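Note sheet for the following structure.
All of the numbers you see were taken from the coordinates with simple rules; none came from a lab. Here the structure is a predicted model, which is why all the values come from computation and not from measurement. Cβ placement follows ideal geometry from the backbone for every residue including glycine, while neighbour counts extend to all protein chains displayed.
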Amino acid sequence: MKNADVDNGYAWIILICSSFVYLIIAGSLNTFGILYTELLDYYGDSAGNTAWVSSICTFFALGLGPFANFLGERYTYRRVMMIGSCLVLLGYTTSAYVRRIKMFYLTHGVITGFGFGLMLSPCSTVVNFYFKKKRSFANGIMVSFSGVGGFSFPYMYRWLIDKYTLHGAFLLSGALLFHSCVAVALLVQPQQLVEKQQMTNRKMISWIIYLREAKQRIFKVGLFKIPKYTICFTALCFQFGNFTGNLIALSGQVRSLDLGKQAIVQVLSVYGATEIVSRTFLGWFAGLNIIKRTNLLMMSSFVSSLIAFGIPHLPYKGALLVYAVLMGCFSSTFWSLVGVLLVDCVGLDNLSPAIGLLLFAMGIMICVSQPVTGWLEDSTGSWDMSFRFIGVLSAISCMCLLLGPMIERMSCFQKERKSNLSNIEKQMEEYNDGAIHMEETNDLVIKDCCSKSIDKVVTKQTEEVHPLYSQKNDPCMTHV
């Protein structure tokens, strides 16, 4: 990558390819609601157990972030993402022949999730190396392609299921998603990472050092010492819990109201279409620096919480369509801010491990949000408590950002206090060392004075006893 390629030239090719890959991954994950309702009808299992299929898949898609980024830096993003494309094809193909819901945990959950995991984090990271001034706008464009997938995939899944049944839809979808390898083949490793890897290769002398380097790079927990990163990390994780919980609850609510399968497609398509506009706009607006990016995220979390608490009181199709629009405008737009927020917190050099740690935590969060959302419906017979749970997650995200400045000031105060205490201790040590040195010097002076006084007394007494002693030591008498 040349300097001319930053914000220009081949950087736009990288953006287009990454956006297409993001369309494939996010479009598949976000429209799982179509497959979710079909799995509920086909296998007749509980809502919570069926939600585990999506949770496991998304957990690996996000949780492999630190490892995928490290492998991408080591062996290039292109190779790692190409392997991911092959695993996605394998996962969807094997899912076409599954006859029990628990086998979906392995085929669609683990295998497909591994494939998505090797693609998602490198795809989200590589764009940030090719853009600087237009980084916010580029991230907004890339994540908006999730909306393109969210708009088109529901119709595609519905048509494939109606024409070829559920298992035939999995088989054909796998072949379609495998086309992501074409976009992956056009990716070029950023020059900054190439030079870094060359330096690393010169330093590597054994596998022990290599593994130590990998551990430090993958789990760079020292980043949590940066208060701003810790605050944004926590807020993004809880907002992600709201986002993923909505993907299950919204489809389940439409199904519970007996509005028909086509209504599920319409609601998810409206949500996806809204994402296209809202994510692009937020990415562009964040780049203007009119409002702080953390404040933009806080406003999105606040509105997401309000609408989640309000939707249980409006069990109508029109209200659900409006909810889908608001969800696309606020609940999921945080993706446009992830890259730029993390660069603001830790810088570009630490972006790869920072994104990896965040995606890993998000993978853990989805294992909580989606199953709990389904289990609440199982226990209450309604999705109302599920939506309230989703609203609480966004409220926690908003509170983290609201208290963020105070936490940062407290952290700075503690650092200054520790620094002042350490300076005082150093000054005390220097003072004590000086006092000891002065005491030792005084002792030497006193000893020297005492020694001279004793010599004078002895000399005087000797002269009194032996008068010739003074003459002998008198220079004037040396001739005698």
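Of the listed pairs LYS228/LYS292; LYS292/LYS415; LYS132/LYS415, which have alpha-carbon separations greater than 23 Å here? Before the final figure, lay out the partial values.
Details: LYS228/LYS292 13 Å; LYS292/LYS415 25 Å; LYS132/LYS415 31 Å.
Exceeds cut-off: LYS292/LYS415; LYS132/LYS415.
Assign one of three labels to segment 3-402, namely rounded, prolate or oblate, based on the Cα gyration tensor with a ≥ b ≥ c the square roots of its eigenvalues; rounded applies when a/c is under 1.5, prolate when it is not and a/b is larger than b/c, and oblate otherwise. Since a/c reaches 1.5 and a/b is larger than b/c, the shape of segment 3-402 is classed as prolate.
Near VAL372, within a Cβ-to-Cβ distance under 15 Å, what is the net charge of the other residues, with Lys and Arg +1 and Asp and Glu -1? Spell out each step's value before the answer.
Details: positive: ARG388; negative: GLU377, ASP378, ASP384.
Spelling it out: positives minus negatives among the neighbours equals -2.
Classify segment 60-133 from the C-alpha gyration tensor, please: rounded if a/c falls under 1.5, else prolate or oblate depending on whether a/b exceeds b/c. Since a/c reaches 1.5 and a/b is larger than b/c, the shape of segment 60-133 is classed as prolate.
Please state the shape class of segment 1-131: rounded when a/c is under 1.5, otherwise prolate if a/b exceeds b/c and oblate if not, all from the C-alpha gyration tensor. Walk me through the intermediate numbers first.
Numbers: a/c = 2.94, a/b = 2.35, b/c = 1.25.
Taking the square roots of the gyration eigenvalues as a ≥ b ≥ c, segment 1-131 is prolate.
What the phi angles of segment 24-36 give under the Karplus curve with 6.51, -1.76 and 1.60, with θ = phi - 60°, is a coupling list of 5, 6, 5, x, 5, 5, 6, 9, 4, x, 5, 5, 4 Hz, glycine and proline written as x.
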